[in-house]
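The values are calculated or read from the model by the stated rules, or taken from the named source; none is laboratory data. This is a predicted model, so every value here is computed, not measured. We place every Cβ from the backbone using ideal geometry, glycine too, and count neighbours over all the protein chains shown. To get the accessible areas, we keep the full protein, side chains included, count just its heavy atoms, and leave off ligands, DNA and RNA. Shrake-Rupley method; radii C 1.70, N 1.55, O 1.52, S 1.80 Å.
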Amino acid sequence: MSATLQPFRSRLKKPVPVEKSTIVETTTDRIFLIGVKVMLTVALVAVLIPLVYVVANSFSSASAVSSGRVFLWPIEPSLRGYQEALSDPQILKGYYNSLIYAVGGTLISVTLTIAIAYPLSRKTFFGRNVIMSGLLFTMLFSGGLIPTYLVVQDLHMLNTRWAMVIPSAIGVWQVIIARTFFRSTIPDDLYEAAVLDGASDLRFLWSVVLPLSKPVIAVIALMYAIFQWNTYFDALIYLKDPGLYPLQIVLRNILILNSTTGSAADVAATLERQQLANVLKYALIVISSLPVLLIYPFIARHFTKGVMVGAVKG
Amino acid sequence: MSGTIEVKPAPPAPVRKQAVTPARRIKRPSRWTEARRSFRRHWQLYLLIVVPVAYFVIFKYIPISNAVIAFKDYSPIKGPWGSEWVGFQNFELFFANPVFWTLVKNTFLLAAYTVLASFPIPIILAIALNEIRTGFFKKTVQLVTYAPYFISTVVVVSMTILVLSPQIGFVDDVIGLFGIPEADFLGDPNYFRHIYVWSDVWQTTGYSAVIYLAALAGIDPALHESAKIDGASRIKRILHVDLPGIMPTAVIILVLGVGNIMSIGFEKAFLFQNPLNLAQSEIIATYVYKTGLLNADFSMATAVGLFNSVINLFLLLFVNFAAKRITGNGLWS
């Protein structure tokens, strides 16, 4: 960057260090930059406060939470909320189910996505534009909730684990990301060479394309996994058996519908239960979001790349 | 099932018996010859794609055909195609229903508000992040603002409810410092839209900014350098280099946002809903769920959903057309 500016540098009055901007900043620019930093700090704080607030509450005592005394630091530190949350069989079952849906669903989704994205990335595949338009159309127009429900019903998937992973198996966005990746990183020459060596299409996909595509496979796998972990809508409409409920439905029942288990006999116990219910909610929020938030910083970079690849038109 | 694949048994190519001139031999083979040749050579690829294509046919296209029950009196025994036709009766009933205008109004206002708030803010965030040099601060801001995207809707909604709760939430205490009286945010329908939209902004701004950051990174640095040499201030460069640079991306995002305006998320509205705020929180999507699955009025719910989808599609086509006219950018060229 500085090399291109070499001829102009002599015109400046002061010599400017190369690492910094090659042009002197004006006062307004500096004020503007400070304004930008203040704004970003505000954004940072605005996003952080609710998160810190929840964590602080989750580690506080039930009475401190219920009286609203906790703000950004735990008061009367206690792990009661976590104990309560982790001893609830409903929550553990939800955790287990969500894990199954996330792992199984991701495996199915990734396999199917590659199976459609790879052929669509090949120029020799006849009819790929027709199929691609068919996929894109489903992004713009859908039959709607009830007609889809009828299909799932006709397939006898209602109230089975399949309903959680099959109807939402392929995302068009992920197909676009994978296809774009295959098309832009696997050169045609590589295919020609493999064919000369006697490889079939499937062999080429398995032995050459997939090993070269680990980054994009990781990205779409994570997208599917996080989607599965966070979704509740499919469970709400397709599942009736509480034994199959994913974590998000359990969370909804406890956090939003306030349906805590057990009934208390006397008033004091009821009050205690209510107080406990509040701190339990905060602990539950932390427990359920933790897996995703813990792995997120490590994958954010790849995720960002995926979004960028997807943003490339065509 | 293979309706979307253009692989039909090719008719025998019309072969002329005359001597083939060299010019003809160079000519591109006909589409059918091409298809047949591709199929024979790459049959494995076609095999690979069968299951995913079947998925799209079964879970996307059959539902579209199932939508005919909007024009029928659906009977589970007779199935979607065997049920009696009733013409536009379901639509007429819906339009005549007093709830119709409330639903349309609630859906439209909520969606428009969401688009208006969540369209410019990520752009501002991306430009601000782009202005400061890479470093700890920038990375922190980006990582933290991006994080809420990974939290589930259920959790975001319950966090919002807890934070806004008059007894245990902190928002009441904070606004109390400024002399604003406590309010029951979730019980008052007038607050519903603000809560919905701003919790959405909280959750998605960092994620949406990524696309704009990518667009900003794609701007030729020479443009910035020459603007600097010409004496352009930071603000001037944002206005005349950055903004035009991300314009195509912004238009696409806006068109998609407006196109989805009527299909605004069922998930969140439904979670925020309670009997007290229903006057503003009942939107088309939640109504479809209630009529269809809770009251089992499949035909009516499908009619309402179809009405919604069609409006959506027309909005998208219209906005795309307008955007192309005004800015030269659109979803498809």
**Item:** Relative contact order computed over region A:111-217 (Cα-Cα under 8 Å; 6+ residues apart), in percent
**Value:** 40 percent
**Request:** With N denoting the number of residues in region A:30-113, provide Rg(C-alpha) divided by 2.2 N^0.38 Å, to two decimal places.
**Result:** 1.71
**Request:** Give me the accessible area of residue A:302, 1.4 Å probe, in Å² rounded to the nearest 10.
**Result:** 70 Å²
**Request:** State the Cα centre-to-centre distance between region B:157-218 and region B:111-150 in whole Å.
**Result:** 16 Å
**Message:** Bin width 10 Å, origin at 0, all Cα-Cα pairs of region B:136-203: what percent of pairs per bin?
**Reply:** 19, 42, 29, 10, 0
**Message:** As a test of the definition: which semi-axes, in Å, follow for region B:120-163 when you take the square root of five times each eigenvalue of its alpha carbon gyration tensor? Largest first, please.
**Reply:** 26, 12, 8
**Request:** Can you tell me the relative contact order of chain A? Whole percent, Cα pairs under 8 Å, sequence separation 6 or more.
**Result:** 28 percent
**Asked** Amide H to amide H, which residues 5 or more places from residue B:72 or on other chains are under 5 Å from it, using H placed in the peptide plane?
**Response** B:86
**Prompt:** Expressed as a whole percent, how much of the Cα-Cα distance distribution for region A:35-172 exceeds 18 Å?
**Reply:** 75 percent
**Complete:** Between the alpha carbon centres of region B:54-87 and region A:29-43 the gap in Å comes to 56 Å
**Asked** How big is the gap, in Å, between the Cα center of region A:185-238 and the Cα center of region A:288-302?
**Response** 22 Å
**Asked** How would you classify the protein assembly as shown from its alpha-carbon gyration tensor, with a ≥ b ≥ c the square roots of the eigenvalues: rounded for a/c under 1.5, else prolate if a/b is greater than b/c, otherwise oblate?
**Response** oblate
**region B:246-304: relative contact order as a whole-number percent, Cα under 8 Å and 6+ apart** = 22 percent
**Asked** Which helices pass in chain B if a helix is a full DSSP H run, must span at least 18 angstrom along its long axis by Cα, and must have mean Kyte-Doolittle hydropathy not below -0.5?
**Response** B:43-56, B:99-118, B:189-217, B:243-259, B:298-327
**Request:** Give me the Kirkwood hydrodynamic radius of region B:261-316, using the inverse of the mean 1/r over all pairs of distinct Cα atoms, in Å to one decimal.
**Result:** 11.7 Å
**Average accessible surface area per residue within chain A, 1.4 Å rolling probe, Å²** = 49 Å²
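Mean shadow of region A:165-207, computed from the convex hull of its alpha carbons, in nm²?
Projected over every direction and averaged, the Cα hull of region A:165-207 covers 3.9 nm².
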**Prompt:** Rg and Dmax of chain A over Cα atoms: what are they, in angstrom?
**Reply:** 26.8, 87
**Message:** With n ≥ 4 as the cut-off for DSSP H runs, can you work out [θ] at 222 nm for chain B, using -39500 (n - 2.57) per run divided by the number of residues, rounded to the nearest 500?
**Reply:** -19500 deg cm²/dmol
**GNM flexibility winner over chain A from A:256, A:217, A:34 (Cα, springs under 10 Å)** = A:34
**Prompt:** Bin by bin, in steps of 5 Å, what percent of the Cα pairs in region B:136-280 do you find, going until the bin that has the longest distance?
**Reply:** 2, 8, 12, 15, 15, 14, 11, 10, 7, 4, 2, 0, 0
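Take the Cα radius of gyration of chain B and divide it by 2.2 N^0.38 Å, with N its residue count; two decimals is plenty.
Dividing the Cα radius of gyration by 2.2 N^0.38 Å gives 1.35.
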**Message:** Pick from B:83, B:281, B:65 the residue whose mean-square fluctuation is largest in a GNM of chain B, springs joining Cα atoms under 10 Å.
**Reply:** B:65
**Out-of-range pairs (alpha-carbon distance over 30 Å; input A:123/B:138; A:93/B:290; B:236/B:324; A:305/B:290)** = A:123/B:138; A:305/B:290
**Message:** Could you report region B:220-333's accessible area per residue, 1.4 Å probe, as an integer in Å²?
**Reply:** 45 Å²
**Asked** Which residue, B:265, B:218, B:179, has the most motion in a Gaussian network model of chain B that connects Cα atoms within less than 10 Å?
**Response** B:179
**Asked** Taking the Cβ-Cβ separation of residue B:88 and residue B:313 as r and a Förster radius of 22 Å, what is the calculated FRET efficiency to the nearest 0.05?
**Response** 0.75
